Amino acid sequence: MSTERHVLVTAGPTREAIDPVRYLSNESSGRMGFAIAEAAVKAGHRATLIAGPVDLPTPKGVERVDVVSARDMLAALEDHFPSADALYMAAAVADYRPAQRHAGKWKVKESGADSVSLELVRNPDLVKTIARTKGERRVIAFALETSDGERRALAKLQAKGADWIVLNDPSALGAGRTTVTILGADGSRQHFEDRTKAQVAESLIALLDE
């Protein structure tokens, strides 16, 4: 039987506000992160789930923290990671946010222009920021790639200072099943073809006993 651990999981997209009614986001459903949190509890661990804006029920026994933006998620990670034993960074965090958030609705049509520009600034790299302080704790990152996936995922694994990275592709977005490759900093490689996200989550939680 595995030792009880405090497992921290992020899930879903972030929303980066343009004005009070518009935002930048992505198609992440949050299902993978929610499945990981549920699998952690079923394995006898304590799970804290930091969720972006998704419409999913909280798994039984999971502590849930709702956030909106990338910076909100980072603040929640900084609050909860010090007491965690492992982090699964399954959220699809926006790389950039608008440089300016308009206080009122951005009335772009009134300019009469055929095109407009929106200045973006880089969001903090959440995994890299948190992994700097991980010590003996385990950090599992995720990478969604459309080409040259393993090479790019391995580069991200090294750059972010994670222990494993989970490689998938856009077909996983919103789907109940997924194909993933789990690449380890120790050179390990595991491939799971057409599995349910619950099955993949169980395999990911099992990494904690390796």
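The values are calculated or read from the model by the stated rules, or taken from the named source; none is laboratory data. Owing to the predicted nature of the structure, the values given are computational and were not obtained by experimental measurement. Cβ: placed from backbone, ideal geometry, glycine included. Neighbour counts: every protein chain shown.
Going residue by residue through segment 14-33, is there one that turns out to be of a type in the set (K, R), modelled with pLDDT under 95 and under 28 Å from K107 (Cα atoms)?
There is at least one residue in segment 14-33 that is of a type in the set (K, R), modelled with pLDDT under 95 and under 28 Å from K107 (Cα atoms).
Per-residue answers, yes or no, for (1) of a type in the set (D, E, K, R); (2) surrounded by 11 or more Cβ atoms within 10 Å (Cβ to Cβ):
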residue: S111; (1), (2): no, no
residue: D114; (1), (2): yes, no
residue: A131; (1), (2): no, yes
residue: T146; (1), (2): no, no
residue: G149; (1), (2): no, yes
residue: A153; (1), (2): no, yes
residue: L157; (1), (2): no, yes
residue: K160; (1), (2): yes, yes
residue: D169; (1), (2): yes, yes
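Quick one: would you say S69 is surrounded by fewer than 14 Cβ atoms within 10 Å (Cβ to Cβ) and not charged (D, E, K, R)?
Answer is no for this residue.
Going through V116, V127 one at a time, which residue ends up being at pLDDT below 90, under 25 Å from R71 (Cβ atoms) and not in a strand (DSSP E or B)?
V116
Check segment 11-34 and report whether any residue there is assigned to a loop (DSSP other than H, G, I, E, B), in contact (Cβ under 8 Å) with a residue 24 or more places away in the chain, surrounded by fewer than 18 Cβ atoms within 10 Å (Cβ to Cβ) and among the aliphatic types (A, V, I, L, M).
yes
Tell me yes or no: at least one residue of segment 171-178 is of a type in the set (V, I, T), closer than 19 Å to V139 by Cβ and assigned to a strand (DSSP E or B).
No, the conditions are met nowhere in segment 171-178.
Among residues belonging to segment 50-83 that are in contact (Cβ under 8 Å) with a residue 24 or more places away in the chain, closer than 17 Å to Y23 by Cβ and in a loop (DSSP other than H, G, I, E, B), point out the one that is nearest to the chain's Cα centre (by Cα).
Only one residue tops the list, namely G52.
Only one of (1) in a loop (DSSP other than H, G, I, E, B); (2) over 24 Å from T10 (Cα atoms) is not met by E136, so which one is it?
Here E136 clears every test but (2).
On the given criteria, is Y88 among the aromatic types (F, W, Y), touching a Leu at 6+ places or on another chain (Cβ under 9 Å) and surrounded by fewer than 18 Cβ atoms within 10 Å (Cβ to Cβ)?
No: the conditions fail for Y88.
Would you mention how many residues in segment 86-110 are part of a loop (DSSP other than H, G, I, E, B) and either closer than 16 Å to K128 by Cβ or modelled with pLDDT of 95 or more (or both)?
Residues that pass the stated criteria total 6.
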